[in-house]
Amino acid sequence: MNNHLITQFLAAVWQDYLQLTPQIELIQAALIQHNPILINDHIAFRTFDIPAMDIATLEKHLISLDYKLLDNYYFPEKHLSACAYIHPDPSIAKIFISQLHIDQLSEQSQQIISNKLSTRASLPSDNSIFYCGRRWGLPSWEEYLYLRQESEYAAWLITLGFHANHFTLDMNAFNANSDRQLDWLGLIKLMESIHISMNPEGGIIKGSPEVLLEQASTLADEINIEFDQGEKAIKSCFYEFAKRFNQDDGQEYKGFVAANANQIFSSTNSA
C-alpha cells in the first residue's frame, strides 16, 4: 500500500472538515500548548443505508486503503447501525461509519428523504465520496425542522451530505509524548477557557475504565445555510477526545462502546 494515498485521503477529509468546524482552530491552538503533535484516534462519517452510499459501498474504498473491518455496532433507538475499521499502521486513525435505516422512520420523514435523494447527482466513484458534501437538493426549512424532530441525524445528513462528522484526539498518544499531562479535568478547564461547550449527555465523560474506553466531545459548531426561508444557523461538526485502556492481555483496547457512541451522536443535537 502506498502511504501517500492514505495521507492524501486523510488530508483531504481534514481540509473539508475544517470548513465546517470553525471551533477546531481554537481547540488545536489550545492543545498545541501542551503537545505540538496531535494524533487522531478515529474519524467518523454518516450515511444512508441505500445502494451507492451505504456502508458496504463506502467500505470498498477503505479496503483499498488497507483498512480492515474491526466490529459492528447497533443503535436501535436512533435507527442506526455502524462499522468500525482499523488500519495496520497504528498511527493512522480508525474510521467509524454509521448509517441511518430510512425505512425505520415515519412515512413523512421517509418521503422527505426519498424526494431529496431522487434529485441526486452521481456520487464520486473514488474515496472523495467521503468529503463530497451534499449531492442532492437542499430540503426546505420546514422539511429540515420536521426531520430534526424525529432524527437529528437525518436532518444533519440530508442538509450537509458527506463530510467527516468529527475527528477525535488520541489522548493516550497525546499524554505519552507530552511533558504536560492533560487529564479530563484539565481538558474540561482548557475547553472552558476558550469558551468551547462540551456535550453533557450522560455526563461530560462517557464510558469508564471498566468498558476500556472513555470519551468526551464538544457540542457541534454552527454554520449558516441559505434555506428557502432565508439564512439559518444549523449544527455542523464537532471534536472528540478518546482515552483507551489496556485489556487483560495488556494490549490497548481498539474497539468502540455502543453506549458511549449513542451519547456522542447527540453532539449535533440542537438546543
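Just so it is clear, none of the values below were taken in a lab; they were calculated from the coordinates. Since the model is a prediction, treat every value here as computed from it, not as a measurement. Cβ: placed from backbone, ideal geometry, glycine included. Neighbour counts: every protein chain shown.
Assuming 0.36 nm per residue, please report the length gained on full extension of the stretch Glu222 to His4 beyond their Cα-Cα distance.
75.2 nm
Rounded, prolate or oblate: pick one for the chain, where a ≥ b ≥ c are the square roots of the eigenvalues of its C-alpha gyration tensor, a/c under 1.5 means rounded, and failing that, prolate if a/b is larger than b/c, else oblate.
Taking the square roots of the gyration eigenvalues as a ≥ b ≥ c, the chain is prolate.
Quick check: residue separation of Leu190 and Ile204 times 0.36 nm, minus the Cα distance between them. What number comes out in nm?
Result for the pair: 3.7 nm of gain on full extension.
What value, in deg cm²/dmol to 500, does the helix sum -39500 (n - 2.57) over DSSP H runs of n ≥ 4 give at 222 nm once divided by the residues of the chain?
-10000 deg cm²/dmol
Starting with the highest mean, order 255-264, 202-211, 128-137 by the number of other Cβ atoms within 10 Å, averaged over the residues of each peptide.
Ranking, from highest mean packing down: 255-264, 128-137, 202-211.
Work out which helices of the chain, taken as complete DSSP H runs, extend at least 24 Å along their axis over the Cα atoms and score a mean Kyte-Doolittle of 0.0 or more, then list them.
Helix filter hits for the chain: 3-20.
Share of antiparallel DSSP beta bridges in the chain, in percent to the nearest 5?
Once the DSSP bridges in the chain are tallied, antiparallel ones form about 75 percent.
With the alpha-carbon atoms as the only input, what is the per residue convex hull volume for the stretch 122-271 in Å³?
147 Å³
How far is it, in nm, from the label point at Ala52 to the one at Leu38 when both lie 7 Å from their Cα along the line to the Cβ?
The two pseudo-label positions are separated by 3.6 nm.
Specify whether the C-alpha gyration tensor of the stretch 106-169 places it in the rounded, prolate or oblate class, a ≥ b ≥ c being the square roots of the eigenvalues: rounded for a/c under 1.5, otherwise prolate if a/b is larger than b/c and oblate if not.
Values: a/c = 2.55, a/b = 1.35, b/c = 1.89.
Verdict is oblate for the stretch 106-169.
Between Lys68 and Tyr253, with labels modelled 7 Å along Cα→Cβ, what's the label distance in nm to one decimal, could you check?
My value for the distance between the label points is 2.1 nm.
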